[in-house]
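For reference, the structure is listed below as structure tokens.
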Amino acid sequence: MFLLRILSLTLVFTATGGIFLAHADLEHKEHFAREVRSVSVVPPDSQPPMTQESIDIALKMFAIEVPDTATHPRLDLNLEDRGLTTLNGWGSKLDVTLGPAAFSSWALLGSTLAHELEVHCLQNFFVIRVKDILGLKGTDEAEREAYLHELANSNRFHLNQNDKINIKATMEYYYPSAQPFDEALSARRKGG
């Protein structure tokens, strides 16, 4: 009985020590990640090669992490948009792909990766789809959030003025912030 208690206490102390070590390791990694993000990286002015390796380099260059909810982003030469995040069935990981349009500069490649990984991969696709079904423009809201993230982080990626103008114009054209009020949908009576 005494031996069983000693063994139990040993296991408890070992497990507790392991938890403290794991917590300390996690804090160290988070501290390092914060320091890396605080460093301003100036990307090359050159156009990145249209390769998977360029995607991997941009992830490291701009300290963009792939969330657990997503697959590693991959190049899709047939994709017409800069990037796309797709849910291929409930419970599966989000599929993130980048098209040739994302490779016009290192800055735009980083910004596109952040659009997909730091915003879309953290959004609730179920809520977005329900809002779409109800006519509440869930996709529009989700896209606006991602484009606004790009604009808010334009200094981080060193986006040039044309990139910022194009991102804003795309957002306003495809996902306008305020739809004009439709009187036909109003519950108020006219004239009274």
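The values are calculated or read from the model by the stated rules, or taken from the named source; none is laboratory data. What you are looking at is a predicted structure, and each value in this text was computed from that prediction instead of being measured. For neighbour counting, all protein chains shown are included, and Cβ atoms are generated from backbone atoms with ideal geometry for every residue, glycine included.
In the set (1) of a type in the set (A, V, I, L, M, F, W, C); (2) in a helix (DSSP H, G or I); (3) under 28 Å from ASP45 (Cβ atoms), the condition left unmet by CYS121 is number (3).
Every condition in (1) at pLDDT below 95; (2) touching a Ser or Thr at 6+ places or on another chain (Cβ under 8 Å); (3) of a type in the set (S, T, N, Q) holds for SER40 except the one numbered (2).
Could you pull out the residue among ALA114, ALA142, ALA146 that is more than 19 Å from HIS72 (Cα to Cα), crowded, with 20+ Cβ neighbours inside 10 Å and not hydroxyl-bearing (Ser, Thr, Tyr)? Spell out the reasoning first.
Working: ALA114 fails: more than 19 Å from HIS72 (Cα to Cα); ALA146 fails: more than 19 Å from HIS72 (Cα to Cα).
Being more than 19 Å from HIS72 (Cα to Cα), crowded, with 20+ Cβ neighbours inside 10 Å and not hydroxyl-bearing (Ser, Thr, Tyr) holds for just one of ALA114, ALA142, ALA146, which is ALA142.
Screening ILE165 on (1) aliphatic (A, V, I, L, M); (2) modelled with pLDDT of 95 or more; (3) surrounded by 12 or more Cβ atoms within 10 Å (Cβ to Cβ) shows it passes everything except condition (3). Selection of first residues in region 53-69 that are loosely packed, with under 13 Cβ neighbours inside 10 Å and of second residues that are part of a helix (DSSP H, G or I) and modelled with pLDDT under 95, restricted to Cβ pairs under 8 Å at least 6 apart or on distinct chains, gives the following pairs, ordered by first then second residue: GLU65/ALA33.
Scan region 117-130 for residues that are out of contact with any strand residue (DSSP E or B) (no Cβ under 8 Å at 6 or more places or on another chain) and buried (at least 17 other Cβ atoms within 10 Å of the Cβ) and jot them down. GLU118, VAL119, GLN123, ILE128, listed by residue number.
Pairing each residue of region 73-88 that is without any contact (Cβ under 8 Å) to a residue 40 or more places away in the chain and closer than 11 Å to ALA101 by Cβ with any residue that is of a type in the set (Ser, Thr, Tyr) and outside any strand (DSSP E or B), provided the two are 6+ apart or on different chains, yields C-beta distances under 6 Å for ARG82/THR112; GLY83/THR112. Of the numbered criteria (1) touching a Pro at 6+ places or on another chain (Cβ under 8 Å); (2) farther than 16 Å from TYR147 by Cβ, the one ALA107 fails is (2).
Among the candidates ALA70, ALA33, which residue alone is over 17 Å from PHE103 (Cβ atoms), among the hydrophobic types (A, V, I, L, M, F, W, C), modelled with pLDDT of 95 or more and in contact with an Asp or Glu (Cβ under 9 Å, 6 or more places away or on another chain)? Please lay out each step first, then the result.
Numbers: ALA33 fails: modelled with pLDDT of 95 or more.
Going through ALA70, ALA33 in turn, the sole match is ALA70.
Scanning region 75-115 for residues that are closer than 22 Å to ASP163 by Cα, not in a loop (DSSP other than H, G, I, E, B) and not hydrophobic (A, V, I, L, M, F, W, C), we see that the one that is farthest from the chain's Cα centre (by Cα) is PRO100.
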